[in-house]
1. Quick one: which of 78-87, 155-164, 198-207, 365-374 comes out on top by average Cβ neighbours within 10 Å, and what's the full order, highest first?
2. Using a simple spin-label model with points 7 Å from Cα along the Cα→Cβ vector, what separation in nm is obtained for GLU156 and SER132?
3. Averaged per residue, what accessible surface does the chain expose to a 1.4 Å probe, in Å²?
4. With viscosity set to 1.306 mPa s and temperature to 10 °C, compute the Stokes-Einstein D of the chain, Rh being the Kirkwood radius across alpha carbon pairs; µm²/s, no decimals.
5. Test of understanding: what is the full-extension gain from LYS209 to ASP69, defined as 0.36 nm times their sequence separation minus their Cα-Cα distance?
6. Express in whole angstrom the spacing between the alpha-carbon centres of region 214-270 and region 279-317.
7. Calculate what fraction, in whole %, of the accessible area of the chain sits on carbon and sulfur atoms when a 1.4 Å probe is rolled over the protein chains.
8. Which residues' amide hydrogens lie under 5 Å from the amide hydrogen of ASN300, considering only partners 5 or more residues apart or on another chain, with H built in the peptide plane?
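The values are calculated or read from the model by the stated rules, or taken from the named source; none is laboratory data. Predicted, not measured: the structure shown is a model, and the values here were computed from it. Here the Cβ positions follow ideal geometry from the backbone for every residue, glycine too, while neighbour counts run over all protein chains shown. Accessible surface areas use protein heavy atoms only, side chains included; no ligands, DNA or RNA. Shrake-Rupley method; radii C 1.70, N 1.55, O 1.52, S 1.80 Å.
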Amino acid sequence: FFFNFRCAIFSFMLRLTLSLAAAVLLVDAHTALFFPHPRNANDRFLPDFAGGKSPDTPCTCANGFGGPDASKTGCDQGVRSGGGGQPCLWWSQGCSIGCPVCATAAGGTTPINGSPPHSDKLGFRTRYCNDSYPLPTQRLPQWARTMNLDAPEGSEQDSYRFNPWRAPGSAPVVDPCGQAGGKYKQTPVGGDSVYTTTPLATMGDLGSKTLRANESDRVTWTAGTAVEVQWGIRYNHGGGYQYRLCPASEPLTEECFMRHPLDFDRTKQALVWNNGTRLPIQGVFVDQGVLPVGSTWARNPIPRVNDDNIGLQYPDDCPGPTGASGLGKGQHVGSYNGCMQFKPPCPQDDHRFPWSTDGSGQGACSGDWTAGVISDHVIVPKDLPPGKYVLGWRNDCEETAQIWSNCADIEVVAP
């Protein structure tokens, strides 16, 4: 969860000491469902969010996309237009694998931190429950990691071992449709834990209770077919994701969504740029060490670019003070070019990612990639009864103890 704090001040803090820069880094991952258009983006129709602009953290017109003033003026959002408003500001924080609840769930007033030397990063070498709650016995295979790929399992340098992606689906959530601002108002959590109050929601609201269906956004799916879904990055903390369904007639609980996970068509993952250009890619799909047992999760295909080397297995490969400093120095699987975590999926990414307008690095398909969306096709079960459903998208982060969640409205019809 360490990105907008950096977004607001990184450009002029970059020349200060590395230790101060490290403190700035810890903001939030920020991702969102873009298609089907989620309930979490219903505020995109309000004047303050028209055309992709935003009073706080813009989910579309930002990070170099639309120019330095885009958050105030709006921009041509392209394929990301369905994610206008604040869908990237609905998430759960302090959520560790095998724990019964997230650290923010109770709405307390005690600060929530990670452990040194990155105590400002939520989940860094930290688990938010005691040892009476055992770690999952089955966890993510090492080849499916997105962060620090070379660190031995359970070692000190395995800095993200307690975070959600390390056992997909086994960390709790505060709400399966996300919590506005990622916390209750009174809970002190650093970084970009913000939310602009609107007539639709305020900081701390639970998505499953507060957000209402927008019938104009409801899409129709036919049972037995593969249908396209898309999500996008605002700030990248690695990890992976799953799509699930819950009948609209039932309470929107995590248990309901876990009963109806959707399979992927593994041949159809693609990157789609904001101008509509599409590049099919070979996705990484995981069905080991996941919940629900027997379901499939997809790895985030966009490699995270580290901003510092704290907690890395090979810190000398990413010397700092920025992610660009590791160019050409990486000699290990988990430090693809020093600071980039794995090979980018598009051939035009030359690893020379410029620092964009709000201080976050991104390449053609790496880092905090806001130039497009990740497209998948999910399979609607052929025996799924016709009716109205809520689609749940759950993004388990690896670098932080955070889970992004959005919900959208679906109608399933018979073939």
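1. Values: 78-87: 25.7, 155-164: 21.6, 198-207: 17.9, 365-374: 27.3.
In decreasing order of mean packing, 78-87, 155-164, 198-207, 365-374 become 365-374, 78-87, 155-164, 198-207.
2. Simple spin-label model gives 3.0 nm for this pair.
3. Details: 14790 Å² over 415 residues.
Solvent-accessible surface per residue comes out at 36 Å².
4. On the way: Rh = 20.8 Å.
The Stokes-Einstein estimate is 76 µm²/s.
5. On the way: separation 140, 0.36 × 140 = 50.40 nm, distance 3.42 nm.
Full-extension gain reported as 47.0 nm.
6. 19 Å
7. Details: 8060 of 14790 Å².
Here carbon and sulfur together make up 55 percent of the probe-accessible area.
8. Hits under the 5 Å cutoff: GLY239, GLY240, TYR241.
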